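The next block holds one structure in the form of structure tokens; read it before the comments.
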Amino acid sequence: MESTVTTTGETGYARFLYPVIFLLSFGVMSLLSGRAIDPGAGFVVVFTLVGLMLAGLFLCGLAGLAYATNLRLRRTCDYRAVLELYARGFVLLLPFTILALTGEIFLDWSIALVFIQAGIMTSGTFTALEIVKLSDSKASYIIVPILGAFSFSIAWMLFCAAAQAVAT
């Protein structure tokens, strides 16, 4: 009988901190993106909340996609461990958030959309590499997580474009 690993070996504090950093980063990025589209407070609040929900759904979807398409990963981890792996990978969004926030505050640049796209792809690629490590280093298992991150990035752009169309 095979035993499955149910966690990624993180302590309780780290397992709590990763999702908080993910939500904080996406919250700030959503707020900045919404503010760039329409500075009205009501629009920014709605855009930020919808953006946070979409980010959470996409993170769960990316983890589910990686889990469903990777037999070796399913043998070593459960879905929750893969979701934690994605939350840990998307901590890399934090430096992009800080750069976007700094640009907005000090330079009056509207650059959140660019930084969130770069952050999503960087975080997705990092997570894909971690998945390959858990999958006995088989390089073919990198394709689905990277395509998932690419899809997430495109979907975020379309979400912003749709919001801009609604706002005008």
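Give, in nm to one decimal, the length gained when the segment between S140 and L49 is fully stretched (0.36 nm per residue of separation minus the Cα-Cα distance).
29.2 nm
Compare the Cα positions of L99, A66, V28 along the charge dipole of the chain (+1 at Cβ of Lys, Arg; -1 at Cβ of Asp, Glu; about the Cα centre) and return the one farthest towards the positive end.
A66
Please report the relative contact order for segment 12-167, taking Cα pairs under 8 Å with a sequence separation of at least 6, and give it as a percent rounded to a whole number.
Relative contact order for segment 12-167 comes out at 27 percent.
Taking amide H atoms as placed 1.01 Å from N in the peptide plane, list the residues 5 or more away in sequence, or in a different chain, whose amide H sits under 5 Å from that of C77.
For C77, whose amide H was placed from the backbone, the distant partners under 5 Å are V5.
If you fit an axis through the alpha-carbon atoms of helix 93-107 and take the longest principal axis of the Cα set of the chain, what angle between them do you get, 0 to 90°, nearest 10?
10 degrees
Just rank D136, D108, D78, fewest to most, by other beta-carbon atoms within 10 angstrom.
Starting with the residue having the fewest Cβ neighbours, the order is D108, D136, D78.
Would you work out if the chain is rounded, prolate or oblate? Take a ≥ b ≥ c from the square roots of the eigenvalues of the alpha-carbon gyration tensor; rounded if a/c is under 1.5, else prolate when a/b is larger than b/c, oblate otherwise.
prolate
None of the figures in this text is laboratory data; all of them are computed from the coordinates on show. Because the structure is a prediction, the values reported are computed rather than measured. Every residue, glycine among them, receives a Cβ derived from its backbone with ideal geometry; neighbour counts consider all protein chains shown.
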